[in-house]
1. Tell me the label-point distance for the pair F146, K16, using the 7 Å Cα-to-Cβ offset, in nm and rounded to one decimal.
2. Once amide H atoms are built 1.01 Å from N in the peptide plane, which residues 5 or more positions from V80, or in another chain, come under 5 Å H to H?
3. How far apart, in nm, are two points set 7 Å out from the Cα along the Cα-to-Cβ line at K99 and at E167?
4. At 0.36 nm per residue, and after removing the present C-alpha to C-alpha distance, how many nm does the segment from V27 to R43 gain when stretched out fully?
5. With a 1.4 Å probe and every protein chain kept in, tell me what percent of the accessible surface of region 83-170 is carbon plus sulfur.
6. Ranking request for peptides 112-120, 143-151: highest mean number of other beta-carbon atoms within 10 Å first, then the rest in descending order.
7. I'm spelling it out carefully: the read-out is Cα extents along the principal axes in Å, the candidates are [x] 85, 35, 29; [y] 47, 34, 32; [z] 39, 39, 32, and one was derived from this structure. Which label?
8. Give the accessible surface of the chain per residue, rounded to a whole number of Å², with probe radius 1.4 Å and ligands, DNA and RNA excluded.
Amino acid sequence: MATLKDVKNKIKGVKKTKQITKAMNMVAASKLRNAQGSMEAFRPYARKFSEVLGSLAERAGEGTNPLLIPRADVKKVHLVLCTSDRGLCGGFNTNLIEKAEAFVKANPALEVSYTAFGRKGRNWCRKLKRPILAEHIGIMGTAVTFHEASSAGRPMIQGFLDGSFDEVWV
């Protein structure tokens with residue numbers, strides 16, 4: 001049987017673990033708030049970027065970039081899934097993965113492949129044996145450089161151009 005000292009030590013240990021977990025949770029919540037703030041601040045730029053691209057696509061005429069021409073018969077879709085690498089933001093990862101599942105269930109006739117940014121999305125794809133074109137681990141939550149973005153985008157552009165997939169969704 002445990003002595004009184006053992007019980008007191010166990011209680012202290014549990015309290016300290018609780019304290020550390022609470023601090024980690026607060027840090028994760030702060031990081032999530034910052035990321036959400038950054039995303040909210042970027043939305044006007046994204047809208048304007050979409051407007052500009054739409055305007056350019058309308059005016060392009062004969063020499064239209066092949067990336068701007070929509071495919072009439074969409075059978076293959078490539079989905080870019082951006083999740084985190086670690087836990088403490090479970091709702092974030094869960095919501096993204098549920099959106100991906102809902103997209104696949106809503107379009108059962110489509111053949112879907114994935115590019116996974118983040119360990120959680122990659123693990124989900126592996127668990128369900130989903131085809132992963134590429135995986136990028138360790139860059140989510142940091143400043144993504146142009147080199148990383150262009151090297152991640154090149155296979156998607158090439159896949160669209162050579163007909164490996166008809167649409168790319170993020």
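1. Those two pseudo-labels are separated by 4.9 nm.
2. T115, W169, V170
3. For K99 paired with E167, the spin-label model returns 1.5 nm.
4. Working: separation 16, 0.36 × 16 = 5.76 nm, distance 2.47 nm.
Taking 0.36 nm per residue and subtracting the Cα distance, the gain is 3.3 nm.
5. Details: 3160 of 5420 Å².
On region 83-170, the fraction of accessible area on carbon and sulfur atoms equals 58 percent.
6. Per-residue mean Cβ counts within 10 Å order the peptides as 112-120, 143-151.
7. Recomputing Cα extents along the principal axes in Å here picks out [x].
8. Details: 12570 Å² over 170 residues.
Averaged over the residues of the chain, the accessible area is 74 Å².
The values are calculated or read from the model by the stated rules, or taken from the named source; none is laboratory data. Treat the numbers as computed from the prediction; the structure is a model and nothing was measured. Neighbour counts are summed over all protein chains in view; Cβ atoms, including those assigned to glycine, are modelled from backbone coordinates with ideal geometry. Each accessible area value is taken on the protein alone, full model and side chains, heavy atoms only, with ligands, DNA and RNA left out. Shrake-Rupley method; radii C 1.70, N 1.55, O 1.52, S 1.80 Å.
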